[in-house]
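Input: a single structure, listed below in structure tokens.
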Amino acid sequence: SQEANVLRTYIETVLEMPWKKTSRDNQDIIHAKEVLEEDHYGLEQVKDRVLEFLAVRALTKKGTSPILCLVGPPGTGKTSIARSVANALNKKYIRVCLGGVRDEAEIRGHRKTYVGAMPGRIIEGLKQAKTSNPLMLLDEIDKISNDYRSDTASALLEVLDSEQNSHFVDHYIELP
């Protein structure tokens, strides 16, 4: 029956998730500085701010899911800085492009009762990384748009704001 196919896809997705697989962060600030200097010429203020952020994070042992916002015109190195930070921290790097996303289900996932339901882009990124703590770059966040059915920006805020929810729950998987 059709339900068997839906259930099989759901079970395979849940089993593919990296529930307890984490990468260990490299807390060495000197190594991070070397990686940033090697990968980027110039951008001194950006590199200093990133190193400052990493140093505070290492000292306070806080920041389970810290968020850095890189702003600038296209081609100024935002994506490559994120990739360098991932290399410096010894984390998997995942780029999630949000340009043109109109429906909040693309972020939070579809309810599995719908025909053709799929997990959202955040869960797909975690599956692709095969670790539960990758460095995830949400690219082109300024190009998301609203639809008459949903508010994509509110869905993204709910995903990212740890004050609104301590555990992300995708509508497809329905597990924290």
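Annotations for the structure displayed:
- Per the conditions (1) at pLDDT 85 or above; (2) in a loop (DSSP other than H, G, I, E, B), the sole criterion not satisfied by Val169 is (1).
Results for (1) acidic (Asp, Glu); (2) over 23 Å from Gln128 (Cβ atoms); (3) at pLDDT 90 or above, shown as yes or no for each residue.
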{"position": "Thr9", "(1), (2), (3)": "no, no, no"}
{"position": "Met17", "(1), (2), (3)": "no, no, yes"}
{"position": "Ile30", "(1), (2), (3)": "no, yes, yes"}
{"position": "Gln45", "(1), (2), (3)": "no, yes, yes"}
{"position": "Ser84", "(1), (2), (3)": "no, no, yes"}
{"position": "Lys91", "(1), (2), (3)": "no, no, yes"}
{"position": "Arg108", "(1), (2), (3)": "no, no, no"}
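- Matching helices (runs of 4 or more DSSP H) fully within the stretch 79-162 where at least 1 residues are among the polar types (S, T, N, Q), within 30 Å of Glu38 (Cα to Cα) and in contact (Cβ under 8 Å) with a residue 24 or more places away in the chain: 121-129
- Enumeration of residues in the stretch 4-52 that are open to solvent by 60 Å² or more (accessible area, probe 1.4 Å), under 19 Å from Gly109 (Cβ atoms) and either outside any helix (DSSP H, G or I) or free of Cβ contacts under 8 Å to residues at least 40 places away in the same chain (or both): Asn5, Leu7, Arg8, Thr9, Ile11, Glu12, Leu15, Trp19
- When the criteria are applied in full, Thr79 meets the requirement of being at negative phi, of a type in the set (Val, Ile, Thr) and surrounded by 14 or more Cβ atoms within 10 Å (Cβ to Cβ).
The values are calculated or read from the model by the stated rules, or taken from the named source; none is laboratory data. Predicted model only: the values in this text are computed from it and were never measured. Reconstructed Cβ throughout: ideal geometry from the backbone, glycine too, with neighbour counts over all protein chains shown. These area figures cover heavy atoms from the full protein model, side chains too; ligands, DNA and RNA do not enter into them. Shrake-Rupley method; radii C 1.70, N 1.55, O 1.52, S 1.80 Å.
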